[in-house]
1. Going by the conditions given, is residue 179 modelled with pLDDT under 90, surrounded by 15 or more Cβ atoms within 10 Å (Cβ to Cβ) and touching a helix residue (DSSP H, G or I) at 6+ places or on another chain (Cβ under 7 Å)?
2. Report, by residue number, each residue of segment 221-249 that is crowded, with 17+ Cβ neighbours inside 10 Å and under 17 Å from residue 122 (Cα atoms).
3. Give all pairs with beta carbons closer than 7 Å in which a residue from segment 85-106 that is closer than 30 Å to residue 253 by Cα meets a residue that is modelled with pLDDT under 95 and not in a helix (DSSP H, G or I); count only pairs at least 6 apart in sequence or on separate chains.
4. Does segment 49-77 hold any residues that are out of contact with any helix residue (DSSP H, G or I) (no Cβ under 8 Å at 6 or more places or on another chain), more than 16 Å from residue 99 (Cα to Cα) and surrounded by 13 or more Cβ atoms within 10 Å (Cβ to Cβ), and which are they?
5. Quick check, is residue 20 buried (at least 16 other Cβ atoms within 10 Å of the Cβ), over 26 Å from the mean Cα position of the chain (by Cα) and modelled with pLDDT under 90?
6. Could you figure out which of (1) farther than 30 Å from residue 102 by Cα; (2) modelled with pLDDT under 90; (3) surrounded by 12 or more Cβ atoms within 10 Å (Cβ to Cβ) isn't true of residue 13?
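The values are calculated or read from the model by the stated rules, or taken from the named source; none is laboratory data. The shown structure was predicted, so the numbers you read here are calculated from the model rather than taken from an experiment. Glycine gets a Cβ as well: all are built from the backbone with ideal geometry, and neighbour counts include every protein chain shown.
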C-alpha cells in the first residue's frame with residue numbers, strides 16, 4: 001500500500017497517537033481554504049454573467065404587458081420612488097431572481113471569506129487540541145502546567161465524577177475521557193494570550209514574543225466579531241487588540257484572509273516543530 005493510501009485510510013481508522021496526522025489534516029484544510037479564496041471570486045463572476053444573460057433572454061420573451069410593467073418598475077427605481085408594482089407573473093419572477101442574484105454576487109464572496117476565517121481558527125484549535133491530547137497520554141504532568149488556573153479551581157471540580165468512573169469500560173477509556181476534557185478546556189476556554197502562556201510553560205517557547213503575535217491573536221478576537229457581532233468591533237475587541245478606529249464593519253477582505261492563511265501556516269509549523277522537539281514523535 002502506498003504512503004498516500006495509508007494516510008487517507010488513517011482518517012477512517014482509530015485515532016493515531018502521533019502529532020503528524022492532525023498536523024497534516026490542518027495543512028490540507030489550509031490548502032483548501034487558499035484555493036477557495038483564489039477560485040471562488042472568479043466562479044461567482046462567471047455565474048453572474050451566465051445568469052444575467054439568461055434573465056436578459058427571458059425579458060426579451062415577455063409579452064407587451066410584462067415588458068411595460070417591468071420598464072415602469074425599473075424607471076421608478078431610477079428616480080428613487082419604487083412606487084410601481086409588477087403584477088405580471090413572469091416579469092415578477094424575473095425581478096425576484098434578479099434581486100437574488102444581486103444579493104448573492106455582492107455578499108457570497110464576503111460570506112465565504114468570513115466563514116473561512118472562522119473555519120481556519122477552528123481547524124487550528126483542533127490541531128492544537130489533538131497535540132495536547134497526544135502529549136497528555138505520555139506526559140500527564142503537563143496537564144497541570146497552568147498553575148494560576150489550577151489555583152482558581154476547587155478541588156472538587158478536579159475530581160473525577162463517580163458517573164464517569166462507573167460508566168467507563170476500563171482505565172484506558174477513563175484516561176482518554178479526562179484527557180480529552182482537559183485538552184478541550186485549555187484550548188476552548190482560554191483567551192489566546194493565556195493559551196500562549198500555557199504553551200510557553202510546556203514547550204519552553206514563548207510565541208507571544210514574536211513580532212507577528214498581535215496579528216495572530218487579533219484573528220481569534222476577529223472571529224468573535226464575525227460570529228457574534230456581524231463583524232462590528234465591540235468593547236472587548238477594542239480593549240484586547242488596541243483598536244481605536246471607527247466602529248464600522250471590519251470586513252474580511254481578500255488581503256486580510258490571505259495574510260491570515262499565511263500567518264496560521266507559519267504558526268502551525270512553529271507549533272509542530274516545538275512539540276516534536278520537546279516530546280518527540282508523540283507516539284507512546
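1. On the way: modelled with pLDDT under 90: yes; surrounded by 15 or more Cβ atoms within 10 Å (Cβ to Cβ): yes; touching a helix residue (DSSP H, G or I) at 6+ places or on another chain (Cβ under 7 Å): yes.
The answer is yes for residue 179.
2. Within segment 221-249, 221, 222, 223, 225, 226 meet the criteria.
3. 95/86
4. Hits for segment 49-77 are 68, 72.
5. no
6. Of the numbered conditions (1) farther than 30 Å from residue 102 by Cα; (2) modelled with pLDDT under 90; (3) surrounded by 12 or more Cβ atoms within 10 Å (Cβ to Cβ), the odd one out for residue 13 is (3).
To keep it simple, each residue is scored yes or no on (1) surrounded by 15 or more Cβ atoms within 10 Å (Cβ to Cβ); (2) at pLDDT below 70; (3) touching a helix residue (DSSP H, G or I) at 6+ places or on another chain (Cβ under 9 Å).
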{"residue": "100", "(1), (2), (3)": "no, no, no"}
{"residue": "108", "(1), (2), (3)": "yes, no, yes"}
{"residue": "132", "(1), (2), (3)": "yes, no, yes"}
{"residue": "169", "(1), (2), (3)": "no, yes, no"}
